[in-house]
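The values are calculated or read from the model by the stated rules, or taken from the named source; none is laboratory data. Computed from a predicted model, the values in this text were never measured in an experiment. Here the Cβ positions follow ideal geometry from the backbone for every residue, glycine too, while neighbour counts run over all protein chains shown.
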Amino acid sequence: MASILPNGPGFVCNACRAAHRIPPSSRSFSKPITVAVRSRTARRPWTERDVRGSVQRRVANRGFSTTSSTRADRNETLAARNAPKPQPQPPLNPAHELAELQKAAASIIDSNEHASEKDVTTLLRRADQYARYLIYTEDGSDASEVVEQQSSSAVKTPSQLARQASSSILEDLDEDDALRKAAKGAVTAHDAEFSLKFRREAVSTLAETLYNLLRAPNVTITRSALRAYTLTQCLLGKPEYLPEIFDLFVFKTPPRFTWLPSGAIPKDLADIALAAAIHKRDMGLAVAITDTTVGTSAYWTQRFIDKALPKLLAITVFPFTVNTAANWASTYQNTFEVSEAKNMALAAGFAYIGTFGTVAYVAVTTWSDHHDRVHWQSGAGLTQRWLREDERAFLDKIAQSWGFGDKKMHGLESGPEWDALRDTIGVRVMVLDKTEFMPGFN
C-alpha cells in the first residue's frame with residue numbers, strides 16, 4: 001500500500017480521523033473545520049517601512065507597560081525632562097579673580113586675630129581652581145567646564161598623584177615650548193587678558209601669594225591646608241615654595257617637638273613634591289625636599305608607629321603563648337617533674353622565637369640591593385637603616401634622574417653638581433655607587 005504523505009491528497013490527520021469515528025449526535029461542531037493555510041510563497045517580503053513600524057510598535061509597547069519598574073522609570077524620565085536646566089555660569093575674569101584672591105589673602109595676613117581653618121582652606125581651594133583654570137584652559141573659554149572636568153578626574157593613589165604632578169606642570173609657560181606651540185597653532189589666546197604673558201605673571205603672583213599666606217604668624221598650617229597648598233604649587237610648577245612650608249609645618253603646630261608624628265609630612269605629598277623638583281631639574285631643591293619630608297625625625301617616628309609598632313605588639317603575645325604551650329607539654333611526660341619540664345619547655349620556646357626573630361630582624365634591616373645607586377656605609381646601625389629607608393629611596397631617585405641611564409656608565413659622572421650630590425649622600429651615612437654593587441665588580 002502506498003504511503004500517504006502529509007499535506008498530500010488523501011491525507012487525514014489523526015485528530016480528524018478520531019472526530020469522524022464519534023457519532024454525529026455527540027460531536028461538538030456541526031460544520032466542517034476549515035483551516036486557512038497561508039502560502040509562504042505568497043507572503044510579501046518585508047520592506048524598510050515594515051521594519052521601522054515593527055520597531056516603533058515594540059518600543060511603544062515597552063514604554064506603556066503596566067509593570068511598576070517601567071512606570072518608575074517613565075516617571076523618572078519625565079521628571080528629569082521637566083526639571084529646570086542649570087543656567088550657564090558667566091565666564092571667569094582672570095585678572096579680577098586674581099585680584100580677589102590677593103585681597104582675601106591680604107585680609108587674613110593683616111588681621112590681628114588668629115585665622116580660622118575654614119577661611120584658609122576655602123581660600124586654598126579657590127586658588128586651586130584658579131590654578132587649574134590657568135593650566136588647562138588655552139583661550140580662557142569654558143573655564144567652569146574645564147575646572148569641573150579636572151576636579152572630577154582627580155587621582156587617588158600616591159603614584160598617580162606623583163605622575164600627575166610631574167606631567168601637569170605648566171609646560172606651556174616654558175619659553176621654548178610656548179614658541180613651539182605657537183608655531184603649531186596650539187596657543188590660541190585671543191583675549192589680551194589671557195595672553196601667555198598674563199598667565200606667566202599670574203602663576204608667579206598666585207604662588208607667592210599662597211606662600212606668604214602660610215608663612216603668616218596668625219595662620220596655622222593644618223594637614224588639609226598643607227595638602228591643598230602642595231598640590232597647587234606643584235600644579236603651578238613652583239616647588240621652590242615647598243621646603244620652607246614643610247619646615248614650618250613642624251614648628252607652627254603646637255606642641256613644637258620635632259620628633260612627634262604630628263609634624264610628619266605624608267608620604268604621598270613628599271612623592272609629589274620630589275617629582276615636581278625633578279621635573280624642574282633642580283637638584284638642590286630635590287635634596288631640600290628630601291630633608292624636610294622623609295629626612296625628619298617626625299617622619300621616622302610616624303614610620304615606626306605605622307609599620308613596626310603593630311608587629312611589636314603582636315610579639316608581646318608570644319610569652320603567654322609559650323607559657324600555655326609549656327604547661328600543656330609538661331603534663332604529657334613522666335620523666336621529669338612537672339615544674340622542671342615546664343621550665344625546659346619555656347627555655348626551648350623562647351630560644352626558638354628569639355633565634356628566628358633575630359634572623360628576621362637582621363634580614364629586614366640589612367636588605368640593601370633593592371636600590372640601584374645609593375647604599376648604606378659599612379657600620380651603619382640596623383635600626384637607623386630601616387627608619388631612614390625612604391630617605392635613601394628619595395636620594396636614589398635623585399641620583400638616577402641626574403646620572404647616566406646606562407648601568408655600564410654608572411660611576412663615570414663628573415661635575416660640581418654631581419660631586420655635591422656625592423658629598424651630600426656621604427654625610428647621611430650612605431654611599432653613591434658602592435663598588436661591590438656595580439656591574440663587573442661583584
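Structural remarks
- Just one of the listed residues (T209, T222, T205) is among the hydroxyl-bearing types (S, T, Y) and under 26 Å from the mean Cα position of the chain (by Cα), namely T222.
- The set of residues in region 351-382 being of a type in the set (S, T, Y) and out of contact with any helix residue (DSSP H, G or I) (no Cβ under 7 Å at 6 or more places or on another chain) consists of Y352, T355, T358, Y361, S368, S378.
- Single condition D369 does not satisfy, out of (1) in a loop (DSSP other than H, G, I, E, B); (2) out of contact with any strand residue (DSSP E or B) (no Cβ under 9 Å at 6 or more places or on another chain); (3) not polar (S, T, N, Q): (2)
- Annotation: of all residues in region 351-364 being farther than 16 Å from A314 by Cβ and surrounded by 11 or more Cβ atoms within 10 Å (Cβ to Cβ), the one that is nearest to the chain's Cα centre (by Cα) is V362.
- You will find that of R392, R422, the residue that is more than 23 Å from F304 (Cβ to Cβ) and in a helix (DSSP H, G or I) is R422 and no other.
- In this structure, P254 qualifies as modelled with pLDDT under 95 and more than 30 Å from Y361 (Cα to Cα).
- Whichever residue in region 422-435 is touching a Gly at 6+ places or on another chain (Cβ under 9 Å) and touching a residue at least 12 places away in the same chain (Cβ under 8 Å) and, among such residues, is surrounded by the most Cβ atoms within 10 Å (Cβ to Cβ): L432
- Within region 201-227, considering residues that are in a loop (DSSP other than H, G, I, E, B) and free of Cβ contacts under 8 Å to residues at least 60 places away in the same chain, the one farthest from A264 (Cα to Cα): P217
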